[in-house]
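Worksheet for the structure shown next.
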């Protein structure tokens, strides 16, 4: 069975209770379930990880080069995760960067991404729906 990598960065393990006015009330478990529903038609399994530290995220990406693609929400690491950027530059499959909030509608310091330019696509500001859309995009990008 083919596997899709789903990686969520710092503070995303507390979705549902973390600033719901910005991030919504959906939990990470909800998102994992919805992504699984989207890719089930292709027979893909979702391998989901959430880490608050950059090193664990890097090791996870490096250990999953055999996946069909990835959905990555680097959270705040998008702004300063240079090690993560290097790991993503070496990831050999298509990947989509997702952010729950519209970072351009927020503080100025959030407007720069070191990871986004490497992504196959980026989804910002659509809440948990962004993950579903990223999964659909990967279904299109990865040959059956």
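Taking segment 128-137 as the search range and keeping residues that are in contact (Cβ under 8 Å) with a residue 12 or more places away in the chain and within 12 Å of the chain's Cα centre (by Cα), which one is surrounded by the most Cβ atoms within 10 Å (Cβ to Cβ)?
Restricting attention to segment 128-137, the residues satisfying the condition of being in contact (Cβ under 8 Å) with a residue 12 or more places away in the chain are 128, 130-132, 134-137.
Next, from what is left, pick out any that are within 12 Å of the chain's Cα centre (by Cα): 128, 130-132, 134-135.
Values: 128: 19, 130: 22, 131: 26, 132: 19, 134: 29, 135: 24.
The extreme case among them is 134.
For residue 117, indicate whether it is part of a loop (DSSP other than H, G, I, E, B) and either over 11 Å from the mean Cα position of the chain (by Cα) or over 15 Å from residue 81 (Cα atoms) (or both). Even if it seems obvious, please write down each step before you answer.
Working: part of a loop (DSSP other than H, G, I, E, B): no; either over 11 Å from the mean Cα position of the chain (by Cα) or over 15 Å from residue 81 (Cα atoms) (or both): yes.
It is false that residue 117 is part of a loop (DSSP other than H, G, I, E, B) and either over 11 Å from the mean Cα position of the chain (by Cα) or over 15 Å from residue 81 (Cα atoms) (or both).
I'd like the full set of residues that are out of contact with any helix residue (DSSP H, G or I) (no Cβ under 7 Å at 6 or more places or on another chain), part of a loop (DSSP other than H, G, I, E, B) and buried (at least 17 other Cβ atoms within 10 Å of the Cβ), limited to segment 28-60.
44
Sort out which residues of segment 1-24 are in a loop (DSSP other than H, G, I, E, B) and surrounded by 13 or more Cβ atoms within 10 Å (Cβ to Cβ), and write them in order of number. I'd like the intermediate steps shown before the answer.
First, the residues of segment 1-24 that are in a loop (DSSP other than H, G, I, E, B): 1-2, 9-11, 15-19, 24.
Listed by number, the residues that qualify are 2, 9, 10, 11, 15, 16, 18, 24.
Closer than 26 Å to residue 89 by Cβ and outside any helix (DSSP H, G or I), is that true of residue 67? Even if it seems obvious, please write down each step before you answer.
Values: closer than 26 Å to residue 89 by Cβ: yes; outside any helix (DSSP H, G or I): yes.
Taking the combined requirement at face value, the residue satisfies it.
Computed from the coordinates by the stated procedures, all read-outs in this text should not be read as laboratory data. None of these values were measured; they are calculated from a predicted model. Positions of Cβ are backbone-derived with ideal geometry, glycine not excepted, and every protein chain shown enters the neighbour counts.
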